[in-house]
1. Quick test of your reading of the structure: Gly129 fulfils all but one of (1) assigned to a strand (DSSP E or B); (2) out of contact with any strand residue (DSSP E or B) (no Cβ under 7 Å at 6 or more places or on another chain); (3) over 17 Å from Gln27 (Cβ atoms). Name the failing condition by number.
2. Go through the stretch 107-146 residue by residue and tally those that are crowded, with 17+ Cβ neighbours inside 10 Å, more than 15 Å from His83 (Cα to Cα) and more than 12 Å from the chain's Cα centre (by Cα).
3. So, of the residues in the stretch 131-146 that are farther than 22 Å from Leu72 by Cα and small (Gly, Ala, Ser), which turns out to be modelled with the highest pLDDT?
4. Tally up the residues in the stretch 107-129 that are farther than 21 Å from Gly74 by Cβ and either touching a Pro at 6+ places or on another chain (Cβ under 6 Å) or without any contact (Cβ under 8 Å) to a residue 40 or more places away in the chain (or both), please.
5. Just for the stretch 83-113: of the residues that are more than 26 Å from Ala24 (Cα to Cα) and part of a strand (DSSP E or B), which one is modelled with the lowest pLDDT?
6. Among the candidates Ala45, Ala38, Ala22, single out the residue that is farther than 22 Å from Met88 by Cβ, aliphatic (A, V, I, L, M) and either surrounded by 13 or more Cβ atoms within 10 Å (Cβ to Cβ) or modelled with pLDDT of 95 or more (or both).
7. Out of the residues in the stretch 83-106 that are of a type in the set (A, V, I, L, M) and more than 12 Å from the chain's Cα centre (by Cα), state the one that is surrounded by the most Cβ atoms within 10 Å (Cβ to Cβ).
Amino acid sequence: MNRKILVLLLGLMLFLILPSLAFAQVQVRVRIIEASNAGPSIDPALRDVHDQLGSLFNFSSYRLLRDVNLNLAGNRPVEVPVHAGRSMEVTLVGEYGKMVELRIKITREGLPVLNTQVRLSSGRTILIGGPRHGGGVLIFALSAKF
């Protein structure tokens, strides 16, 4: 009986440890963008995603508020401060060939605002429309390298 319990405990420990070891590290770039209709301007740092922004969102001005590079390992969330009282948590939850799956959680004063998962291939950027901010909204641009 003791042997069965020991084997069961060892199996449970391996089950908990191995998934995090199976993931490689993934570099994720998170850009926090303020979008509004306060004049026709585009931040030069956003030229690479300007076409995507224009095709998905109906704003005339895009300004980069924050640009953060993260090193993610499996199932280990990394928190990114967004703005006063708001934060974003990014977690690598899976790898599927040439794609990674990320969980994105945005909170405001500790309460969930957004909880979603996205799949992203290396070198690609995905845009997520976020909460209201000033006279516009926040947009999150996420890209990965692996």
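The values are calculated or read from the model by the stated rules, or taken from the named source; none is laboratory data. Worth saying up front: this structure is predicted, and the values here are computed from it rather than measured. Methodologically, a virtual Cβ is constructed for each residue, glycine included, from the backbone with ideal geometry; neighbour enumeration extends over all protein chains shown.
1. Of the numbered conditions (1) assigned to a strand (DSSP E or B); (2) out of contact with any strand residue (DSSP E or B) (no Cβ under 7 Å at 6 or more places or on another chain); (3) over 17 Å from Gln27 (Cβ atoms), the odd one out for Gly129 is (2).
2. Residues that pass the stated criteria total 1.
3. Here the residue is Gly136.
4. Final tally of qualifying residues: 9.
5. Per the criteria, the residue is His83.
6. Among Ala45, Ala38, Ala22, only Ala38 is farther than 22 Å from Met88 by Cβ, aliphatic (A, V, I, L, M) and either surrounded by 13 or more Cβ atoms within 10 Å (Cβ to Cβ) or modelled with pLDDT of 95 or more (or both).
7. In this case the residue turns out to be Met99.
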